[in-house]
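Q: Got a structure here, written out as structure tokens. Questions coming.
The values are calculated or read from the model by the stated rules, or taken from the named source; none is laboratory data. Being a predicted model, the structure only gives us computed values, none of them experimental. Every residue, glycine among them, receives a Cβ derived from its backbone with ideal geometry; neighbour counts consider all protein chains shown.
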């Protein structure tokens, strides 16, 4: 099946990105610096509110029910281009997700399980990510998870659909902007009404997101897929995000969370081994 009309699982469609470099577009404050025409000659996927900046992008991606509800309700053009969607959306059932996404003219679903491989948000595994990326590129894995950002599952989807290179813009996880805002001007107020107090300036939120993005970059490059994590717009697009080991060590300390003993025992003896076993082949 192609992505022209209707709804399908991602395993049932053609590799629509085969031979193409794919640009994945977040919505951090650096997006204000990009020309509105920047994506016009590119194969691109907007993440949620990035649609407000680039409504002509060739694809959309969603894993968040509130964002999609807002966009379907306020933007007549949101459902006109193909949408890649997790199934289910965060905190929603598959039925609720399908009912909402029926408002789009062309939707491709992929299964999603959070915080792979152990089910614990802050536990990012480079070796597991290497394995998962390689299997995804080979078309052998289509169940993906993130560590706090829709960017992660969108990258997997782009790889599964044949992307030959990944470019990420507007998704610096607070590493670039140095501002209190998490989103570009047109989107930040909307975000604040949906997610009060949810910000990448909180190390507990940002650290696992950054670590998984770095792991995906390394895994893609290990598998022969160039991965460009762009810092901001320049005419040459030659500035990439770099993260020092010292910075990561300092952030890891700030991101530490404490849990009651019963939760620690549950995670160690039940959640980790069961999640690892269940997803070791998917």
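Q: So which residues in the stretch 78-103 are under 14 Å from residue 65 (Cα atoms), assigned to a loop (DSSP other than H, G, I, E, B) and in contact (Cβ under 8 Å) with a residue 40 or more places away in the chain?
A: The answer is 102, and nothing else.
Q: Oh, and also: Filter the stretch 116-161 down to residues that are within 17 Å of residue 84 (Cβ to Cβ) and touching a strand residue (DSSP E or B) at 6+ places or on another chain (Cβ under 9 Å), then give me how many there are.
A: Adding up the residues that qualify gives 19.
Q: Select from the stretch 215-234 the residues that are part of a loop (DSSP other than H, G, I, E, B) and touching a strand residue (DSSP E or B) at 6+ places or on another chain (Cβ under 9 Å) and write down the one among them that is nearest to residue 130 (Cα to Cα).
A: Only one residue tops the list, namely 225.
Q: Name every residue in the stretch 134-163 that is touching a residue at least 12 places away in the same chain (Cβ under 8 Å), in a helix (DSSP H, G or I) and more than 25 Å from residue 28 (Cα to Cα), in order of residue number.
A: 134, 136, 137, 160
Q: Moving to a separate point now. Only one of (1) touching a residue at least 24 places away in the same chain (Cβ under 8 Å); (2) surrounded by fewer than 23 Cβ atoms within 10 Å (Cβ to Cβ) fails for residue 207. Which number is that?
A: With (1) touching a residue at least 24 places away in the same chain (Cβ under 8 Å); (2) surrounded by fewer than 23 Cβ atoms within 10 Å (Cβ to Cβ) applied to residue 207, the lone miss is (2).
Q: Also: Quick check on the stretch 12-46: of everything there that is buried (at least 19 other Cβ atoms within 10 Å of the Cβ), in contact with a strand residue (DSSP E or B) (Cβ under 6 Å, 6 or more places away or on another chain) and in contact (Cβ under 8 Å) with a residue 24 or more places away in the chain, which residue is nearest to residue 188 (Cα to Cα)?
A: The qualifying residue nearest to residue 188 (Cα to Cα) is 26.
Q: Looking for whichever is surrounded by 18 or more Cβ atoms within 10 Å (Cβ to Cβ), under 24 Å from residue 209 (Cβ atoms) and at pLDDT 95 or above here; the options are 124, 107, 168. Which one fits?
A: 168
Q: Only one residue in 246, 212 is within 30 Å of residue 35 (Cα to Cα), modelled with pLDDT of 80 or more and assigned to a helix (DSSP H, G or I), so which one is that?
A: The unique qualifying residue is 212.
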